[in-house]
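Below: the structure, in structure tokens.
The values are calculated or read from the model by the stated rules, or taken from the named source; none is laboratory data. What you see is a predicted model; the values in this text were computed from it and never measured. Note that each Cβ is placed from the backbone with ideal geometry, even for glycine, and that neighbours are counted across all protein chains shown.
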Amino acid sequence: MDIHFRRLEASDRTDTFDCGNAQLNEFLHRYALKNQHRMFGVTYVAVQAPGGQPEVIGYFTLANTSIPRQGLPQELLKGLPKYQSMPAFLLGRLAVHKNYQGKRLGEVLLSHCFEHCLAISKLTGARYLIADAKESAVTWYERYNFRKIEGSGTPHSTKMFVDLGVVNTAIKQKPTGSHMGLTRTDSAI
């Protein structure tokens with residue numbers, strides 16, 4: 001299986017993408033490229049070109065945001081500046097086509113997201129990655145050490161975060177053969 005990871009392009013076939021969630025499908029079909037052109041977020045895709053035109057089989061969208069200080073656990077705030085909001089990235093969406101679910105493509109996409117965030121944070125400075133997790137995905141994000149942001153979310157989603165400093169340390173210490181340095185456990189990295 002020859003899969004490539006890159007920024008969404010106008011030539012990518014998105015109309016056949018179906019992850020089983022109508023909102024995530026509609027975003028990719030109708031809004032991802034428009035938002036990218038308007039600089040409201042960038043969508044990165046996993047594509048495969050079985051018959052010519054690249055077909056999107058997974059994606060994530062990344063944008064800038066901030067996290068309110070009061071949403072973070074006190075133990076994480078020690079030694080940090082007293083700013084009311086902390087710089088962060090937003091993982092607005094992450095989805096995998098139904099035909100590729102259960103094959104760890106979501107984990108690979110998350111790994112690429114971490115890599116992009118770490119590279120960009122060296123240029124702009126951002127400490128956290130926030131995920132706007134659908135309720136059905138909260139447990140999945142927790143396996144990668146995302147934590148809930150207290151007092152946030154909606155009835156359909158939960159805002160979660162992971163400290164990029166922890167992610168960076170985990171990637172540097174990744175064992176041989178580990179896909180992204182972060183292991184799927186419920187313990188701290």
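Yes/no matrix, rows are residues, columns are (1) of a type in the set (A, V, I, L, M); (2) assigned to a helix (DSSP H, G or I); (3) surrounded by 18 or more Cβ atoms within 10 Å (Cβ to Cβ):
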residue: Gly58; (1), (2), (3): no, no, yes
residue: Arg93; (1), (2), (3): no, no, yes
residue: Phe114; (1), (2), (3): no, yes, yes
residue: Cys117; (1), (2), (3): no, yes, yes
residue: Val138; (1), (2), (3): yes, yes, no
residue: Tyr144; (1), (2), (3): no, no, yes
residue: Thr154; (1), (2), (3): no, no, no
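The number of residues in region 12-42 being in a strand (DSSP E or B) and either touching a residue at least 40 places away in the same chain (Cβ under 8 Å) or in contact with a Gly (Cβ under 7 Å, 6 or more places away or on another chain) (or both) comes to 1. In region 11-38, of all residues being loosely packed, with under 15 Cβ neighbours inside 10 Å and modelled with pLDDT of 95 or more, the one that is farthest from Val96 (Cα to Cα) corresponds to Arg38.
Scanning region 97-112 for residues that are in a helix (DSSP H, G or I) and of a type in the set (S, T, N, Q) gives Asn99, Ser111. Out of curiosity, is Ala126 outside any helix (DSSP H, G or I) and closer than 23 Å to Asn21 by Cβ? Against the criterion (outside any helix (DSSP H, G or I) and closer than 23 Å to Asn21 by Cβ), Ala126 does not qualify. Which one is modelled with the lowest pLDDT, of the residues in region 135-185 that are charged (D, E, K, R) and over 20 Å from Ala119 (Cα atoms)? Ranking the candidates gives Arg184 first.
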